[in-house]
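A.B. asks: Below is one structure. I have some questions about it.
The values are calculated or read from the model by the stated rules, or taken from the named source; none is laboratory data. Just so you know, these numbers come straight off a predicted model, no measurement behind them. Note: ideal-geometry Cβ built from the backbone for every residue, glycine included; neighbour counts use all protein chains shown. The protein model used for the area step is the full one, side chains on, heavy atoms only, and it has no ligands, DNA or RNA in it. Shrake-Rupley method; radii C 1.70, N 1.55, O 1.52, S 1.80 Å.
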Amino acid sequence: MAKVTLIQAQKQKGRYNVFIDNKFAFGVSENTLIDFRLAKNLELDDNQIEEIKNRENINKAYGDAVNYLSYQLRTEFELKKYLKEKEYDLDTIDEVLERLISLHYVDDDNYAKTYIHSHLNTSNNGPKLMEQKLIQKGVSKFVIEDQLAEIDQDILIENAVDFAKKQIKKSRKNSFSNLQQKIKQTLYQKGFSNEIIEEAISKIDLQKDDETELENLKAMINKVQKRYPDKNKLITYLMTKGFKYQDIKNELE
């Protein structure tokens, strides 16, 4: 049997050095000190010393995890990765995670719900993009699907409309055909479904203005004519930009 000969407070508040048989043995937190009723002259066998060290390791990992969670919500995957990087063993990590999950400090359902709600209010991202981001954070696909199913479709349409209007302002010099295509493409890239995209476009009520279309064609010709001195190549390029062949031909003539 070994005997505790000294318990000395560290400079760090709530931490103590434990000396066994007049030699430093290990450091412990106040919680570990209380849990094992460590005191001077207490006799410990090898198994008890190992148990104290294991408990202290778990308590330290728990403290690191709580500190990591204090800055923002984290997923189980993120927390596990963080503790691995801190070089804790898997048994310790699993025990810490189990404790935090039971206290609802880590809750992937709540994380996904909060993440989706936040992005609906602060960004124009659609469900598919949200799903990709949550998968990267290690959230289960089943959890994601359940939370995405709760989204109000009217909010999605409203966000898609807002984003589409911004694209119209940026692309106002494009042909009408190219503008429509660009809006659909960017909305799809933002993670909206085809159904939401079509609904959003119908609410914008895009209409072709022949005068604006002609002005955009003239501007495009002036911009690229030196790049395409060959008339046929110029026509081909302009058609790829959504302008009609007859309009291009008339303007060039």
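A.B. asks: Just need a number here: residues in the stretch 119-139 that are open to solvent by less than 50 Å² (accessible area, probe 1.4 Å) and among the hydroxyl-bearing types (Ser, Thr, Tyr). Quick ask: steps written out before the conclusion?
C.D. replies: Going through the stretch 119-139, the residues open to solvent by less than 50 Å² (accessible area, probe 1.4 Å) turn out to be 119-120, 123-127, 129-131, 134, 138-139.
In the following step, the residues that additionally are among the hydroxyl-bearing types (Ser, Thr, Tyr) were identified as 123.
The total comes to 1.
A.B. asks: State whether the residues of the stretch 51-62 include one that is of a type in the set (Asp, Glu) and either part of a helix (DSSP H, G or I) or out of contact with any strand residue (DSSP E or B) (no Cβ under 7 Å at 6 or more places or on another chain) (or both). Lay out the reasoning, then the answer.
C.D. replies: So the first thing to find is which residues in the stretch 51-62 are of a type in the set (Asp, Glu), and the list is 51, 56.
Still in the running and either part of a helix (DSSP H, G or I) or out of contact with any strand residue (DSSP E or B) (no Cβ under 7 Å at 6 or more places or on another chain) (or both): 51, 56.
Yes, that holds for at least one residue.
A.B. asks: Hey, another quick one. Kindly provide the set of residues from the stretch 82-108 that are of a type in the set (Asp, Glu) and either touching a helix residue (DSSP H, G or I) at 6+ places or on another chain (Cβ under 8 Å) or part of a loop (DSSP other than H, G, I, E, B) (or both), ordered by number. Spell out the reasoning first.
C.D. replies: The first filter runs over the stretch 82-108 and keeps only residues of a type in the set (Asp, Glu), leaving 85, 87, 89, 91, 94-95, 98, 107-108.
Within the stretch 82-108, GLU87, ASP89, GLU95, ASP107, ASP108 qualify.
A.B. asks: I would also like to ask the following. Among ILE204, ILE197, ILE168, ILE183, which is the only one that is touching a Phe, Trp or Tyr at 6+ places or on another chain (Cβ under 8 Å) and more than 30 Å from ARG74 (Cα to Cα)?
C.D. replies: On the way: ILE204 fails: touching a Phe, Trp or Tyr at 6+ places or on another chain (Cβ under 8 Å); ILE168 fails: touching a Phe, Trp or Tyr at 6+ places or on another chain (Cβ under 8 Å); ILE183 fails: touching a Phe, Trp or Tyr at 6+ places or on another chain (Cβ under 8 Å).
Exactly one of ILE204, ILE197, ILE168, ILE183 is touching a Phe, Trp or Tyr at 6+ places or on another chain (Cβ under 8 Å) and more than 30 Å from ARG74 (Cα to Cα), namely ILE197.
A.B. asks: Having 3 or more residues that are charged (D, E, K, R) is the bar; report the helices (runs of 4 or more DSSP H) wholly within the stretch 122-204 that clear it.
C.D. replies: On the way: elements: 127-136, 141-148, 153-170, 176-189, 194-204.
Correct list: 127-136, 141-148, 153-170, 194-204.
A.B. asks: Taking into account only those residues within the stretch 53-105 that are open to solvent by 40 Å² or more (accessible area, probe 1.4 Å) and in contact (Cβ under 8 Å) with a residue 60 or more places away in the chain, which is farthest from ILE135 (Cα to Cα)?
C.D. replies: GLU76
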